[in-house]
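Reviewing the structure listed below.
Read-outs: derived from the displayed coordinates by stated rules, not from any lab. Computed from a predicted model, the values in this text were never measured in an experiment. Ideal geometry is used to build each Cβ from the backbone, glycine not excepted, and the neighbour counts take in all protein chains shown.
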Amino acid sequence: MSAASPRAELQLTDELRARLAAADAADGKTDHVIEKCVSCRLQMAGKAEFSSTVAGYRVQLCSAGCKKAFESDPGKQLLALPAPGR
């Protein structure tokens, strides 16, 4: 099973990289897998079958709806994550 890629035009800024890294480390591991759904903000566990890849990170979403929302504007979804250090 391959993860779908978000829109190619995502501008990966230093801020987005930092938020991806912080979300990755939130589970105590830095394995390039973000396990909590970043789309609905309910802190639900993401599922591999609803994953998407961005900048080398596998972002696991909790549902098909969250995956669709994430892939429609991954930059907006990632910027809504808590900033590192918060």
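Annotations
- Normalised per residue, the volume of the convex hull around the Cα set of segment 14-79 (Å³): 72
- Taking 20 Å as the cut-off, the amide N atoms of segment 53-86 that come nearer than this to a point 7 Å along the Cα-to-beta-carbon line of residue 42 belong to 59-73, 77-78, 80-82.
- Straight-line cross-link reach from residue 67 at under 22 Å between alpha-carbon atoms covers these lysines, not counting any fewer than eight positions away in the same chain: 36, 47, 76.
- Centre separation in Å (Cα based) which lies between segment 33-60 and segment 12-28: 12
- Residue-averaged 222 nm ellipticity for the chain, from DSSP H runs of 4+ at -39500 (n - 2.57), nearest 500: -9000 deg cm²/dmol
- Beta bridge orientation in the chain: antiparallel %, DSSP, nearest 5: 65
- Within-13-Å neighbourhood charge of residue 33 [Cβ basis; K, R +1; D, E -1]: 0
- Placing unit charges on the Cβ atoms of the charged side chains and taking the dipole of the chain about its Cα centre, the candidate lying farthest along the positive direction among 62, 84, 33 is 62.
- The 3J(HN,Hα) values that the Karplus relation (6.51, -1.76, 1.60; θ = phi - 60°) gives for segment 33-45 are, in residue order, 10, 9, 8, 8, 4, 8, 8, 8, 6, 8, 6, 6, 5 Hz. Gly and Pro appear as x.
- Residues with amide H under 5 Å from that of residue 58, placed H, sequence gap 5 or more: 33, 34
- Taking all Cα pairs closer than 8 Å and separated by 6 or more residues, the relative contact order of the chain comes to 35 percent.
- Only Lys, Arg (+1) and Asp, Glu (-1) charged, at Cβ; the chain dipole about Cα centre in debye: 200
- Legend: ranking of residues 33, 54 from fewest to most surrounding C-beta atoms inside 10 Å; resulting order 33, 54.
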